[in-house]
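The next block holds one structure in the form of structure tokens; read it before the comments.
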Amino acid sequence: MEKNSKKSALHEKDGIPQPESFSQSALEKVVRSRKIQPGSEELVNGILAGDIAALSRAITLVESTNVTHLAKANEIINACLPHANKSVRIGITGVPGVGKSTFIEAFGKHLTSLGKKVAVLAVDPSSTISHGSILGDKTRMEELVKDKNAYIRPSASGETLGGVARKTRETIILCEAAGFDTIVIETVGVGQSETAVHSMVDFFLLLKISGAGDELQGIKRGIMEMADAIVINKADGDNINKAKLAKTEFNRALHLFPAKSSGWIPTVSTCSAYEKTGIDAVWQTISDYLELVKTNHYFEEKRKDQNQYWMMETINEQLKNNFYHHPEIIALLEQNKKAVQNDELSPFAAAMILLEKYFK
């Protein structure tokens, strides 16, 4: 029996072949441009001119652990320092799920509508297992990322305290030199990172939500004492009355704490970042605070104290880094770890052996 050579009605007709998915010449051009690394002076000039590409490249150098990158980053920071310190630095924290990204986007859009230039430095938690980070803040701030007067830079927290000990502080300086007059720092919201952020901002904002047992945290010290304002987010829909009740509870809790050395009395307010209500009141609160602390000179004194604090932190970090990268310590550390695990040495004795070896 002859094989039926008739084509099926479902066969695909021959068409125009698909073009290459990319241009080879364009690819080669990109590769060549990436190999050309701009010098420190070129990056500084770009930053001072408000070039976002230059700013981003400089921040990447600051975040790098490469020794040659660190030296270059220090040159850039020192050159930008005379052009910094002309912004308002706002720290924003809150537990995961409180709506920090949504709030910052609504808050940032409000500020740009007032003619402000806003830089958002978002610290994203790094995994202790894979050491990776999602860095999805730009995705969550769809409107703000398209605003020409806004700049969003997500950074991985890494192994440092909240990811701010070595990176965020220097990044603030670069953003200020680039002309951003309002710097917003979003913490990872997991405890100790708030302490680090508080030590580098002028105003510390604590975001809360109602109806999740969160009101009980109002009677705890620590984070509550650091806050210059508490804002209860998601005050919309059926949650409005719960938010008002939470506001009352937090106001009562604030009376338990001693007065701040700034002379400022922390406030509690409600807002809905989703519906963009109450955002203007938050900025008014910050403006009132700044007017007070600049009048009584607390603003300048706090920044001087912060500079001193970060000098000491940098020394501590560098000493720690040098210790763990010392060739003799690396080998001895592994030996002592095993000795401690096998109960042959106490942790304290093992530590003293390592320190004595390092300081010889």
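Please give the number of the condition residue 333 fails out of (1) at pLDDT below 95; (2) closer than 30 Å to residue 268 by Cα. The number of the failed condition is (2). Just one residue in the set 344, 317 is touching a residue at least 60 places away in the same chain (Cβ under 8 Å) and either among the polar types (S, T, N, Q) or not assigned by TED's automatic domain parsing to the domain that holds residue 167 (or both); that residue is 317. Counting only helices (runs of 4 or more DSSP H) that fall entirely inside segment 241-360 and contain at least 2 residues that are farther than 25 Å from residue 224 by Cβ, the qualifying elements are 298-324, 327-341, 347-359. Would segment 85-93 turn up any residue that is under 24 Å from residue 318 (Cβ atoms), over 17 Å from the mean Cα position of the chain (by Cα), exposed (fewer than 15 other Cβ atoms within 10 Å of the Cβ) and modelled with pLDDT under 95? Yes, segment 85-93 contains at least one residue that is under 24 Å from residue 318 (Cβ atoms), over 17 Å from the mean Cα position of the chain (by Cα), exposed (fewer than 15 other Cβ atoms within 10 Å of the Cβ) and modelled with pLDDT under 95. Is it the case that some residue within segment 168-189 is modelled with pLDDT of 95 or more, among the small types (Gly, Ala, Ser) and buried (at least 21 other Cβ atoms within 10 Å of the Cβ)? So far as segment 168-189 goes, yes, one or more of its residues are modelled with pLDDT of 95 or more, among the small types (Gly, Ala, Ser) and buried (at least 21 other Cβ atoms within 10 Å of the Cβ).
Among residues of segment 270-298 that are within 19 Å of residue 209 (Cβ to Cβ), those with a Cβ under 7 angstrom from a residue that is aromatic (Phe, Trp, Tyr) and assigned to a helix (DSSP H, G or I), sequence gap 6+ or separate chain, pair up as 273/103; 279/107; 282/107.
The values are calculated or read from the model by the stated rules, or taken from the named source; none is laboratory data. Just so it is clear, the structure is predicted and the values come from calculations on it, not from any experiment. Virtual Cβ from ideal backbone geometry, glycine too; neighbours counted across all protein chains shown.
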